[in-house]
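Structure first, commentary second.
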Amino acid sequence: MKGLFVTGTGTDIGKTYVSAAIAKALTDKALNLAYYKAAVSGAPSIEQSDAGFVRNSSGIKQDTDRLLSYLYERPLSPHLAARLENRFASLEKITGDFKALDKDYDYVLSEGAGGIICPVVYEKDVKIMYLDILKALKLPAVIVADAGLGTINHTILTLSYLRANNVDVKGVILNNFDKDSIMHNDNLFMVEDIGRIKVIATLAHGKRDLELLDKNMEEYFDDITF
């Protein structure tokens, strides 16, 4: 199975924009790519959700109803939206929907919600965290982080948690990166040095194309190897 899971250091740090940039880079190389998100909250329709944005802005050829498994209208954490709407996610359905895409596409790009410690179901008898989904899909991950103040702490904590749970982390992508900013460049260095991990790409504010920093990542976009 060839695919990648995009997680982040928190909510509203640009996972969806980075996912769209990754998807665009891969579809530009004529890869038959699918996008998948297990659960989305805070959107009235799939078309108006994060999943719809990634599909529409990247050129992916995929039916709308296969972009995600669960849509919640309330702008809340998925577990709370599910409780209030009385529609709970099933890990079996999520893995089934994902595997169905695997049969029809060369590669599946999956995006998480919030940070990796994001509950999708949190009831007395059933608890599903986004970490459980990531491990069930058996994908390597990249961490999306904002390039600005606070990212050292947020990124290293996220990286440490993923490593402690035996997730293969391929690298970090810094969003809203300004190459002329002393702070942004120092943040990049500190994340790499403390985390012993590569910042494989950056995405400038308002841009659609990733700036690839790691040679292995450049080769990856030429010949998918994950």
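The values are calculated or read from the model by the stated rules, or taken from the named source; none is laboratory data. Please read these numbers as outputs of a predicted model, since none were measured by experiment. Glycine also receives a Cβ, built like all others from the backbone with ideal geometry; neighbour counts cover every protein chain displayed. SASA here: full protein model, heavy atoms, side chains in, ligands and nucleic acids out. Shrake-Rupley method; radii C 1.70, N 1.55, O 1.52, S 1.80 Å.
A few points about this structure:
- Only one entry in Tyr107, Tyr72 is among the aromatic types (Phe, Trp, Tyr) and modelled with pLDDT under 95, namely Tyr107.
- Filtered residues of the stretch 82-103 (kept if of a type in the set (A, V, I, L, M) and either without any contact (Cβ under 8 Å) to a residue 24 or more places away in the chain or over 14 Å from Met129 (Cα atoms) (or both)): Leu84, Ala100, Leu101
- Residues (closer than 18 Å to Ser41 by Cβ, of a type outside the set (Gly, Ala, Ser) and either open to solvent by 40 Å² or more (accessible area, probe 1.4 Å) or touching a residue at least 60 places away in the same chain (Cβ under 8 Å) (or both)) located in the stretch 106-133: Glu111, Ile116, Ile117, Val120, Tyr122, Glu123, Val126, Lys127, Met129, Tyr130, Asp132, Ile133
- For the stretch 19-59, a tally of residues being in contact (Cβ under 8 Å) with a residue 40 or more places away in the chain, within 26 Å of Ala204 (Cβ to Cβ) and in a loop (DSSP other than H, G, I, E, B) returns 2.
- Restricting attention to the stretch 61-82, the residues that are open to solvent by less than 10 Å² (accessible area, probe 1.4 Å) and of a type in the set (A, V, I, L, M) total 3.
- Any chance Lys138 is of a type outside the set (A, V, I, L, M, F, W, C) and at positive phi: yes
- Filtered by the rule that a residue be more than 17 Å from Ile117 (Cβ to Cβ), open to solvent by less than 30 Å² (accessible area, probe 1.4 Å) and out of contact with any Phe, Trp or Tyr (no Cβ under 8 Å at 6 or more places or on another chain), the stretch 1-26 gives Gly14, Val18, Ala21, Ile22.
- Candidates Asp178, Asp186, Asp193, Asp209, filtered to the one that is at pLDDT below 95, more than 30 Å from Leu84 (Cα to Cα) and not aromatic (Phe, Trp, Tyr): Asp209
- Residues of the stretch 5-29 classified as basic (Lys, Arg) and modelled with pLDDT of 90 or more, total: 2
Conditions tested, residue by residue: (1) within 19 Å of Asp104 (Cβ to Cβ); (2) out of contact with any Gly (no Cβ under 6 Å at 6 or more places or on another chain).
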{"position": "Gly14", "(1), (2)": "no, yes"}
{"position": "Ile22", "(1), (2)": "no, yes"}
{"position": "Thr27", "(1), (2)": "yes, no"}
{"position": "Ala30", "(1), (2)": "yes, yes"}
{"position": "Ala38", "(1), (2)": "yes, yes"}
{"position": "Ala43", "(1), (2)": "no, yes"}
{"position": "Ile46", "(1), (2)": "yes, no"}
{"position": "Ser49", "(1), (2)": "no, yes"}
{"position": "Arg55", "(1), (2)": "yes, yes"}
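- Options Thr16, Thr7, Thr11: the member that is out of contact with any His (no Cβ under 9 Å at 6 or more places or on another chain), in a loop (DSSP other than H, G, I, E, B), in contact (Cβ under 8 Å) with a residue 12 or more places away in the chain and within 17 Å of Ala145 (Cβ to Cβ): Thr11
- Any hit, the stretch 81-92, residues being in contact with a Ser or Thr (Cβ under 9 Å, 6 or more places away or on another chain) and under 19 Å from Gly8 (Cβ atoms): yes
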